[in-house]
Ligand code: PMV
């Protein structure tokens, strides 16, 4: 049976009581996957092939305010204070998400969304964006939903958004049901105070190939993709263990290996897909050199050219010396 996004929204919101308010504001943090979500088993519902595991970046993300437009004739969507046009894909994706929560066709909204990270540059602003929008829409419609339901609705906007419903370490369970009602994220609750993530923004331009297109292309054309779900399964186990025992080497090595394996599937697709720029490779080589010199630092990369470093506070001074423009984020306060 084929399920559409609206069927799932109906399953979740159908029985809810609506207590609409005029305006509601919500925020969500960006998350960076240590075991990546790469490949969908259902592209309509954003159901993944594999489980993934991320960590949230506190203070980096999206703040979204939704205001009911009385007597409006269409939705208005502002991204970083700029009114987006109906022809832009960002507008379409936001309006499609509003449709999930709309009660009748005359319900229109103004959406003001502000990102504190570069939009669509591989820093996962779509994850925090759809998580914040989901919370804001549930708020403005006055529906009371549990965390699993909110995570599922966020997933319908952008897969990785289901993980941005929580802070800290988060695991997204792929689930097995065709309707995806068992595919949502759960927090791990472990705290790792000395863990740091360094963001190296090498290129903040909007990327040419979205992760949505990139993963579909890889699944369709890369024979190496067959190896991916098995690696992800192994990596999730190793990462959960590393988080529980606070084994930094295991966490870093598993995350870096996982990112490289994901990028290898992209390179093995045809026409090939490569998100890296020469500066990305230069950073990787510096990281490998640092490890040879005894500095425990690892990296991860998403569907973009920017690199995120993983290290612990005791080597922060070295990292700042080597990468002068790194933005260091304390993951747990
Ligand atoms: O949720 P999307 O469609 O933006 O895809 C995210 C894909 C990666 O960032 C590459 C991996 C991940 O798990 O976040």
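No lab work stands behind these numbers, since they all come straight from the coordinates. Note that the structure is predicted; figures quoted are calculated from it, not measured. Cβ atoms come from the backbone with ideal geometry, glycine included; neighbour counts cover every protein chain shown.
In summary, segment 156-245 shows an alpha-carbon radius of gyration equal to 1.30 times the 2.2 N^0.38 Å reference for compact globular proteins. Computed on the Cα atoms alone, the convex hull of segment 2-134 gives a volume of 136 cubic angstrom per residue. Using R0 = 22 Å, the C-beta based FRET efficiency linking residue 1 and residue 23 works out to 0.05.
With R₀ set to 22 Å, the beta-carbon distance separating residue 68 from residue 210 gives a calculated FRET efficiency near 0.15.
In terms of its Cα atoms, the chain spans 65, 40, 39 Å along the principal axes, sorted from long to short. The modelled label-to-label distance for the pair residue 285/residue 89, using points 7 Å beyond Cα in the direction of Cβ, is 3.2 nm.
Arrange 137, 165, 260, 266 by Cβ neighbour counts within 10 Å, fewest through most, would you?
Going from sparsest to densest Cβ surroundings: 260, 266, 137, 165.
Under 10 Å, Cα contacts only: if you run a Gaussian network model on the chain, which one of 225, 18, 37 comes out with the highest mean-square fluctuation? It is 18.
Of the residues 16, 35, 162, the one that moves most in a GNM of the chain with alpha-carbon contacts below 10 Å is 16.
In the chain, Cα pairs under 8 Å separated by at least six residues give a relative contact order of 21 percent. Distance between the pseudo-spin-label points of residue 146 and residue 190 (7 Å out from Cα toward the beta carbon): 2.6 nm. What is the list of residues in segment 242-285 whose amide nitrogen lies under 16 Å from a point 7 angstrom out from the Cα of residue 293, following Cα to Cβ? Zone members listed by number: 282-285.
For an R0 of 41 angstrom, estimate the FRET efficiency from the Cβ-Cβ distance between residue 81 and residue 220 and round to the nearest 0.05. After rounding to 0.05, the efficiency reads 0.60.
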